[in-house]
Amino acid sequence: MAAAEVVVVGSCMTDLVSLTTRLPKAGETIHGHRFFSGFGGKGANQCVQAARLGAKTSMICMVGKDSFGNDYLENFKKNGIPTEFVGQTEDAATGAASIIVNKEGENFIVIVAGANLLLNSDDLKRAAHVISNAKVMVCQLEITPAISLEALKMAHTSGVKTLFNPAPAVADLDPRFYTYSDIICCNETEAELLTGIPVGNVEDAGCVGRILLERGCKTAIVTLGPEGCVLVCAKEPTPKHIPTKKVTAVDTTKCIPGNWAFFHCMFCGAHGVISRPIAVHLSGGGCWCSLAVEESQGPRDQVRTICIWNICLNFHRTKPFGPPE
């Protein structure tokens, strides 16, 4: 089996989704107009999306020995993702997320991590050869933070490019997360928790990006919802605002750094500048992904950092959360 190019160490969640015209107030019961369940979790989302875009991927995670966990194993297989490092435990249920989405695509989410918190150091050691031979490794904070940190350290020590999505964010994040992460991507809320600076506009996002660089990462991306994102790189510390084309949000629950991992992986070592827009549509509950990427120049033998421009994700679920046909 070919070595995985994108390795994700992270979470699997069973999503229980209710669609409503508006979000309920505290203590209020309202009627919804649709319910469905499906496959979620930031880590699994990122891994599946990178696989659907064509990267060879591997997922390192833990699910429960229950029907949700069994379904997850089958979903990985259908998406061409090896399950060698997908553990199953009887000590906790598969992670679950209760999600309410209104007609504007805004949402409330409550997660119960369950089996995700039982992924441990031994699991990482068993997958050490996969991590060390990857091109990109992606982590988040829906598993035990110490395990995400250990995975980032393993990859960083092996010279693997690391992409860290600090979500759900914590205010007292271990400073080593920054030094072990080549790329950190966070939204406005997460950025404020990490730095203490409220992000209300592009200028605020630029300030936050510079602070993240000062803490040790090489590239910081602060996403701003409909306003696009702000990118700050160590080699080009002047913040760049990348606006997005306006879209109608269907569901904002699926943030996919896996797309970034894929493009970083596919274009590592390429020559010249890639500046044309790339549009991808993934069937079976996939996404429209409109990207333009530019590669920073450097020595030929240096793995370059790919700056992702004009990021726009809009999910159109013809078959909610299903695998591509």
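The values are calculated or read from the model by the stated rules, or taken from the named source; none is laboratory data. Quick caveat: nothing in here was measured; it's all calculated off a predicted structure. In this analysis, Cβ positions are derived from the backbone assuming ideal geometry, glycine residues included, and neighbour counts consider all displayed protein chains. Only protein heavy atoms, including side chains, enter the accessible area calculation; ligands, DNA and RNA are left aside. Shrake-Rupley method; radii C 1.70, N 1.55, O 1.52, S 1.80 Å.
In region 133-163, what count of residues is obtained for those that are in a helix (DSSP H, G or I) and open to solvent by 20 Å² or more (accessible area, probe 1.4 Å)?
Matching residues across region 133-163 total 7.
Taking region 167-216 as the region of interest, how many residues are under 16 Å from the mean Cα position of the chain (by Cα) and in a helix (DSSP H, G or I)?
Residues of region 167-216 under 16 Å from the mean Cα position of the chain (by Cα): 167-169, 177, 181-191.
So of that shortlist, the ones also in a helix (DSSP H, G or I) come out as 177, 188-191.
Within region 167-216, residues that are under 16 Å from the mean Cα position of the chain (by Cα) and in a helix (DSSP H, G or I) number 5.
Can you pull out every residue in region 2-60 that is among the acidic types (Asp, Glu) and assigned to a strand (DSSP E or B)?
If we filter region 2-60 for residues that are among the acidic types (Asp, Glu), which is where we start, we get 5, 15, 28.
Correct list: Asp15 only.
Could you tell me whether region 32-48 includes any residue that is polar (S, T, N, Q) and under 23 Å from Leu163 (Cβ atoms)? Give the steps one after another, and end with the answer.
At the first step, the residues of region 32-48 found to be polar (S, T, N, Q) are 37, 45-46.
Those left that are additionally under 23 Å from Leu163 (Cβ atoms): 45-46.
Yes, that holds for at least one residue.
Restricted to region 55-103, and to residues that are small (Gly, Ala, Ser) and open to solvent by 50 Å² or more (accessible area, probe 1.4 Å), which residue is farthest from Lys42 (Cα to Cα)? Steps first, answer last, please.
Filtering region 55-103 down to residues small (Gly, Ala, Ser) leaves 55, 58, 64, 67, 69, 80, 87, 92-93, 95-98.
Subsequent filtering for residues that are open to solvent by 50 Å² or more (accessible area, probe 1.4 Å) retains 67, 80, 93, 98.
Numbers: Ser67: 20, Gly80: 18, Ala93: 17, Ser98: 14 Å.
Among those that are small (Gly, Ala, Ser) and open to solvent by 50 Å² or more (accessible area, probe 1.4 Å), it is Ser67.
Quick one: in region 210-233, of everything that is open to solvent by 40 Å² or more (accessible area, probe 1.4 Å) and at pLDDT below 90, which residue is farthest from Asn45 (Cα to Cα)?
Restricting to residues being open to solvent by 40 Å² or more (accessible area, probe 1.4 Å) and at pLDDT below 90, the top hit is Glu227.
Please find, within region 104-132, the residue that is surrounded by the fewest Cβ atoms within 10 Å (Cβ to Cβ) out of those that are of a type in the set (A, V, I, L, M, F, W, C) and not in a helix (DSSP H, G or I).
Initial filter on region 104-132 (of a type in the set (A, V, I, L, M, F, W, C)): 108-113, 115, 117-119, 124, 127-128, 130-131.
Retained after the next criterion (residues that are not in a helix (DSSP H, G or I)): 108-113, 119, 127.
Details: Phe108: 14, Ile109: 16, Val110: 10, Ile111: 19, Val112: 15, Ala113: 21, Leu119: 27, Ala127: 20.
Selected residue: Val110.
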